[in-house]
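The values are calculated or read from the model by the stated rules, or taken from the named source; none is laboratory data. The shown structure was predicted, so the numbers you read here are calculated from the model rather than taken from an experiment. Quick reminder, even Gly has a Cβ in these numbers, built from the backbone with ideal geometry, and neighbours come from all protein chains shown. For accessibility, only protein heavy atoms count, side chains too; no ligands or nucleic acids. Shrake-Rupley method; radii C 1.70, N 1.55, O 1.52, S 1.80 Å.
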Amino acid sequence: MYSFPILTTMILVPLAASLLILLFGNARMTALAGTLTNFVLAVILWMNFDNNTAAFQFTENLSIFGTAFSYHLGIDGIAMLLIVLSAFLMPLCILASWESIEKRLNEYMIAFLVMEALMIGVFSSLDIILFYVFFEAGLIPMYLIIGVWGGARRIYASFKFFLYTLLGSVLMLLAMLYMISKSGTTSIPELMEYKFAAHTQMWLWLAFFASFAVKMPMWPVHTWLPDAHVEAPTAGSVVLAGVLLKMGGYGFLRFSLPMFPQASHDLVWIIFGLSMVAVIYTSLVALVQQDMKKLIAYSSVAHMAFVTIGLFTFNQQGIQGSILQMLSHGIVSGALFLCVGVVYDRMHTREIAAYGGLVNRMPAYALVFMIFTMASVGLPGTSGFVGEFLVLLGAYHASTWVSFVAAIGVILGAAYMLWLYWRVIFGALTKDSLKTITDLSLREKVIFAPLIAVVFWMGIYPASFLKPLDKPVAKLVQQTRIGGAR
Amino acid sequence: MIQTIVFLPLLAAIIAGLFGRALGVRFSQLITTGAVGIAALLSWIIFTQFLSGTTPYTVTISNWITSGSLSLNWALKVDTLTAVMLVVVNSVSSLVHLYSIGYMSEDPHQQRFFSYLSLFTFAMLMLVTADNLVQMFFGWEGVGLASYLLIGFWYYKPSANAAALKAFVVNRVGDFGYSLGIFAIFLVFGSVQFSVIFANAPHMAGKSFEFLGLHVDIMTAICLLLFVGAMGKSAQLGLHTWLPDAMEGPTPVSALIHAATMVTAGVFMLARCSPLFEQAPAALDVVCVVGALTAFFAATVGTSQTDIKRVIAYSTCSQLGYMFFALGVGAYGAAIFHLFTHAFFKALLFLGAGSVIHAMHHEQDMRHYGALRKSIPITFITMLIGTIAITGVPPFAGFYSKDTILEAAFMAHSQVGYFAYGLGAIAATLTSFYSWRLMFLTFFGEARWATSKHIQHAVHDDHHGHDAHDGTAGYHPHESPWVMLIPLILLAIGAAAAGFVFHTHFVGEARAEFWRAAIHPTKHDVLNDIEGIPLFWKWLPTAGMVFGLLMALNSYIWNRAVPKQFTDTFSMMYKFFLNKWYFDELYSVLFIKPALWLGRLFWSADKNIIDGVGPDGVAALVQLTAKRSKLIQTGYVYHYAFATLIGVIALLSWAWPHAGKAIGN
């Protein structure tokens, strides 16, 4: 299996599918087939993955770009799980868009396929220039998905999204160029070994931070996210929450922590400070939202703040917890956006006040929504718990204050999610517009079933996900300790 | 066997929940009731094994979470404490299942109801069999979920939804403390496994660590954090506000979850963690004081409520207070004994109240009851037994457990012990008063049914009986069906006999062999001393109980003008009690309103400040710059030429020295 270039194949399959759509149309089936093929490949990838090493696996290295940079791919456990997550969500996104997209269907499916290729590229790049290309190119399909297939204020939202993320990336590019000229290599594994001087580390760290903080997004550069989510079509929100936001966390893991350990320790107060503000601030804002998608978007910011806290605890539990939290958030908030999509497709509104009493006509939907609500509030036995618990446990080692403040967010999380659930699902069904609303269709059930299964799998037997992370995270903890203050 | 006990209810819950609609109501009832019934029988077998001295054991099921040095399993730990809880949980649960077949027979969503009940039972069993703090947390949150779902079971009632949300969120506040406790324990002990932390607890006594920038005693901090969790789940003063509202759920739920089992989880947790609390005397004092205050507070409120379920809810809250101050003085066995007996008589009282409500066509206000003893005699007699048991008449169950607690508090010879004894004795008097008040208002006097809207509806629907003018409105309450009465009778037997039969094991001579390592006061066992209590102090609570009964008789049988006179005279105090000491109002002002206000404030900050300075500001700035720079584009050549010249000079003057240096090198 090692000789077979599976990562390249996974990048090429969606591109090939796009080409087929361009040539022959039949967008839905082709896109589904392409993403499903990639999912099968992802499963094969996982099954052949060696949990007992921190080294990069399935590596490919071609010097097709001359001396400037190389086509260098490879994954560790962290990247592997994020690739599996992307490949898992994509077919569901295609299915979710099956009926709701009416205009420019071919282009829409192509945008998703190209995005999948780029996402897999981001998570498997071992060359810093290659990474940058994938990282930035990933913006474009998302920009188009929001700008073309989005809601009423889509232009504003897509520009905001683009400006924010691009602005951050410019600084990162400068930092990357400096690193290359200083070290003379574009290889990520080699850069991890290269020791930058302490004061240089600080500037480089800040430049990368500018990019990743926007992507996460961290407070106060989070305001693009609610707008982007609200305007994006359902599947766009799923990918945005499920995969794109993970690029920020992945960036911290791949660059900031191992390459600038000293700066990470010195500047940890920025991360902790902003994350603590984010947890409380965005949770309170989520409490007063009137738009379902905005509420979930704000809850995403709060959840991602847990991720940043965990990453910078510099210990095994905190970092593993945050990766698990990323995976879980990808599944759960993706699923919650799909839940909103279900009723949006029927009623064409996301106003919470327009709903109420849905359980009367949609019992299956009520159950599905309840499961994801509980996963979102971190009920033990669901995926949401394990990550959150490990993050807080790790944070407690780093600072009791951080753990204390973040744990308050867990209380608020329960308040805004259950209040949302109450207003949408419970109550008597009094609104005339809802009297004929129909329960989940078979297609929708097919979409939710695997998501539910994963939510419980990660909650009850998270070992499957923690094992591949063991070695890479242990190595990372080691790397951050070498140059670090402790 | 233990696996069967724990997972059978889960299996039944899944089958009834997912396939209930296809399989039918009767099937769902039978499978859930049967599963929990089997679990109950097996639990009694395990319990008798422990009565005769079986060795505790642990069954590991699988790994759960492993990360670095943290490693924990799904495992079922069985010792005496677990065995007691198994019996309590499964016995009450199976009887409540059975009772619900009758009580819920007209509800259209019975499959869902029975599924939730069994799911609750499973979560509670996971809680009591946990061998580590995190699995206990799983059960802890699981019962919270089931409670939330069952309080809000009648989802079309806004009050039920509000109560469900409140229960979940207030419990989350408790869980906040509990989880911080877990983190602190892991930091200190490097494990969350009971066996490890209990073994190492003595080494940590008196040591301190940093918490929120303060240097605090490790064991005290850990125990207080865990206690915050217990306060939430067991509705202790401060975090009790959800429990009375939880009465919005169907009555069988109140009996099972909000009286006999879930709300005692906090007591169980503290008893389980007694090796930790033994090392934290300051924390035990806090537990004692909070428990005593709760016992007193809830009893005062209980005297003023008119809703039959709310009276019993406050009674539960008060009795939980007794259990906590028993823990606080180190009488762990007595606390669990009261938990055990309380489960019988309080489940009995709730199910009895359900039977009354059933008979009175959903009317819950005792002001519209009266004279019911003749119409529903079996309910009356069983509730009478429950009342005798809770008020502590010898030799019924409450007498053994409650008096042991009060004696232990007195014989602790500590300030907090005397404090608890004092408030406990007053609360015992009030308990007697409100319990008998409930009985007299419900079953004695003349019928006051005609004033009830529910009864009026019922009579109106029947189209007969309009001619009655005697307060009955022509309504004929019927005794509940046998499926509801059998649980009442069985629980009544328990309420009558549980104290007498088991007190030697729980708190008497046989307690050392019975509890073994499950609960063992390491320092000084206060239960050794209770024989030495002076007779006056021993019998004072009993005298208070008689006094409470006489007060109730005087107020509700002999001279019914008394309550009115009393509330008129002490109207301030009455209002204070009636409004539950204004806790809800206080919390609304302190937490809920500020949270929403801050939320709106921050949201507008997002729109106005962050976006205003950020993207929107940048966009505006670009537009402004564009406008300004348009002015520079004058079109005159000499303007441009001048600008170019300045640019060239500036460039040269900057570049020249640099270029020189480059050449020089």
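Before moving on, here are some points about what is shown:
- Packing around the peptides B:646-654, B:363-371, B:276-284, A:237-245, taken as the average count of other Cβ atoms within 10 Å per residue, puts them in this order, highest first: A:237-245, B:276-284, B:363-371, B:646-654.
- Restraint check, A:LYS294/B:LYS157; A:LYS293/A:LYS467; B:LYS346/B:LYS580; B:LYS233/B:LYS309; A:LYS294/B:LYS233, Cα-Cα greater than 23 Å: A:LYS294/B:LYS157; A:LYS293/A:LYS467; A:LYS294/B:LYS233
- Placing B:HIS97, B:HIS457 in order of accessible area, with the largest value first and a 1.4 Å probe, yields B:HIS457, B:HIS97.
- Inverse of mean 1/r across different Cα pairs in the stretch A:124-222, Kirkwood, Å: 14.7 Å
- Per residue, the stretch A:403-486 exposes an accessible area of 40 Å² to a 1.4 Å probe, with every protein chain left in place.
- Solvent-accessible area of B:PHE168, all protein chains in place: 10 Å² (probe radius 1.4 Å, heavy atoms, ligands and nucleic acids excluded).
- Placing +1 on each Lys and Arg Cβ and -1 on each Asp and Glu Cβ, with no other charges, gives the protein assembly as shown a dipole about its Cα centre of roughly 1500 debye.
- Accessible-area value, A:VAL170, 1.4 Å probe, nucleic acids and ligands omitted, Å²: 70 Å²
- 10 Å-binned pair-distance histogram of chain B (Cα, whole percent): 3, 14, 24, 23, 14, 7, 4, 3, 3, 3, 2, 0, 0
- Where the Cα pairs of the stretch B:521-601 fall when distances are cut into 10 Å bins, in %: 14, 19, 20, 21, 19, 7, 0
- Solvent-accessible area assigned to carbon and sulfur over chain A amounts to 68 percent, based on a 1.4 Å probe.
- Interface residues of the stretch B:596-614, defined as those with an accessible-area decrease of at least 30 Å² between the chain by itself and the complete set of protein chains (probe 1.4 Å), are B:LEU596, B:GLY599, B:PHE602, B:TRP603, B:ASP606, B:ILE610, B:ASP611.
- Computed from the Cα positions only, the extents of the stretch B:177-217 along the three principal axes stand at 30, 22, 14 Å, in decreasing order.
- Stokes-Einstein diffusion for the stretch B:137-233, with the hydrodynamic radius set to the Kirkwood value over Cα pairs and evaluated at 4 °C in a medium of 1.567 mPa s, equals 87 µm²/s.
- Radius 15 Å from Cβ of A:LEU89, net charge of other residues (Lys, Arg +1; Asp, Glu -1): 0
- For the stretch B:484-561, the square roots of the Cα gyration tensor eigenvalues, ordered a ≥ b ≥ c, give a/c of at least 1.5 with a/b no greater than b/c, which places it in the oblate category.
- In the full protein context, the stretch A:245-390 carries 16 Å² of accessible surface per residue, based on a 1.4 Å probe and ignoring ligands, DNA and RNA.
- If you model the stretch B:371-473 as an ellipsoid using its alpha carbon gyration tensor, with each semi-axis the square root of five times an eigenvalue, the axes come out at 42, 14, 9 Å, biggest first.
- Listed residues B:GLU106, B:GLU479, A:GLU116 arranged by accessible area, highest first, probe 1.4 Å: B:GLU106, B:GLU479, A:GLU116
- Calculated P(r) tail over 23 Å for the stretch B:325-414, as whole % of Cα pairs: 37 percent
- Cβ neighbours within 10 Å from other chains - mean over B:160-167: 3
- Accessible surface, 1.4 Å probe, highest first, among residues B:ASP611, A:ASP439: A:ASP439, B:ASP611
- Cα-centre dipole for the stretch B:201-353 with unit charges at Cβ (Lys and Arg positive, Asp and Glu negative), debye to 20: 260 debye
- Toward the positive end of the charge dipole of the stretch A:394-486, with +1 on the Cβ of Lys and Arg and -1 on the Cβ of Asp and Glu, the farthest Cα among A:ALA474, A:TYR421, A:ALA406 is that of A:ALA474.
- Peptide B:133-143 shows a mean partner chain C-beta count of 3 within 10 Å per residue C-beta.
- Dividing the radius of gyration of the alpha carbons in the stretch A:415-457 by their Kirkwood radius gives 1.08 for Rg/Rh.
- Building the convex hull from the alpha-carbon atoms of the stretch A:386-477 and averaging its projection over directions returns 9.2 nm².
- For a straight C-alpha distance cut-off of 18 angstrom, the aspartates and glutamates reachable from A:LYS445 (same-chain residues fewer than eight places away being disregarded) are A:GLU99, A:ASP345.
- Listed by chain and number, the lysines placed with their C-alpha closer than 16 angstrom to that of A:LYS246 are A:LYS215; residues fewer than eight positions away on the same chain are left out.
- Both radii were evaluated on the Cα set of the stretch A:200-325; the Rg over Rh quotient, with Rh as the Kirkwood radius, amounts to 0.98.
- Intensity falloff of the stretch A:327-486 expressed as log10 I(q)/I(0), Debye formula with alpha-carbon point scatterers, at q = 0.09, 0.14, 0.16 Å⁻¹: -0.39, -0.79, -0.95
- Relative frequency of Cα-Cα separations exceeding 29 Å in the stretch A:52-198, percent: 28 percent
- Debye-formula intensities of chain A, expressed as log10 I(q)/I(0) at q = 0.10, 0.11, 0.13 Å⁻¹, are -0.69, -0.85, -1.22 (one equal scatterer per alpha-carbon, no solvent).
- Overall Cα dimensions of the stretch A:104-167 - principal axes, largest extent first, Å: 40, 29, 11
- Computed accessible area, B:LYS166, all protein chains, 1.4 angstrom probe, square angstrom: 50 Å²
- Heavy atoms of chains B and A lose about 5100 Å² of accessible surface on contact, summed over both sides with a 1.4 Å probe.
- Bridgeable aspartates and glutamates around B:LYS523 (alpha carbons under 20 Å apart, same-chain partners fewer than 8 residues away excluded): B:ASP217, B:GLU278, B:ASP285, B:GLU407, B:GLU509, B:GLU513, B:GLU531.
- Each Lys or Arg adds one and each Asp or Glu subtracts one; over the other residues with Cβ under 13 Å from the Cβ of A:SER124, this totals -3.
- Other residues lying with their Cβ under 13 Å from the Cβ of B:PHE583 contribute a combined charge of -1, Lys and Arg counting +1, Asp and Glu -1.
- Sulfur and carbon atoms: percent of accessible area, chain B [1.4 Å]: 69 percent
- nm² value of the averaged projected area, convex hull over the Cα atoms of the stretch A:59-106: 5.6 nm²
- The mean number of partner chain beta-carbon atoms within 10 angstrom of a residue's beta-carbon across peptide B:66-74 is 6.
- Two-decimal ratio, the stretch A:345-387, of alpha-carbon radius of gyration to 2.2 N^0.38 Å: 1.41
- Rg of the Cα atoms in the stretch B:186-286, relative to 2.2 N^0.38 Å, amounts to 1.26.
- Ordering of A:382-392, A:35-45 by burial proxy (mean other Cβ atoms within 10 Å per residue, highest first): A:382-392, A:35-45
- Alpha-carbon gyration tensor eigenvalues x 5, square-rooted, for the protein assembly as shown, Å: 60, 33, 28
- 5 angstrom amide H check on B:ILE61, placed H, neighbours 5+ away: B:TRP74, B:ALA75, B:LEU76
- Tail fraction, Cα-Cα pairs, the stretch B:44-155, threshold 22 Å, whole percent: 43 percent
- Grouping the Cα pair distances of the stretch A:310-384 into 10 Å bins from zero gives a pair-distance distribution of 18, 40, 26, 12, 5 percent in increasing distance order.
- Dimensions of the stretch B:546-643 along the principal axes, based on C-alpha atoms and rounded to the nearest Å, stand at 112, 22, 15, largest first.
- As a rough guide to protection, the peptides B:551-557, B:115-121 ranked by mean Cβ packing within 10 Å, highest first, stand as B:115-121, B:551-557.
- Pairs with C-alpha atoms separated by more than 25 Å, drawn from the list B:LYS166/B:LYS593; B:LYS402/B:LYS564; B:LYS166/B:LYS402, are B:LYS402/B:LYS564; B:LYS166/B:LYS402.
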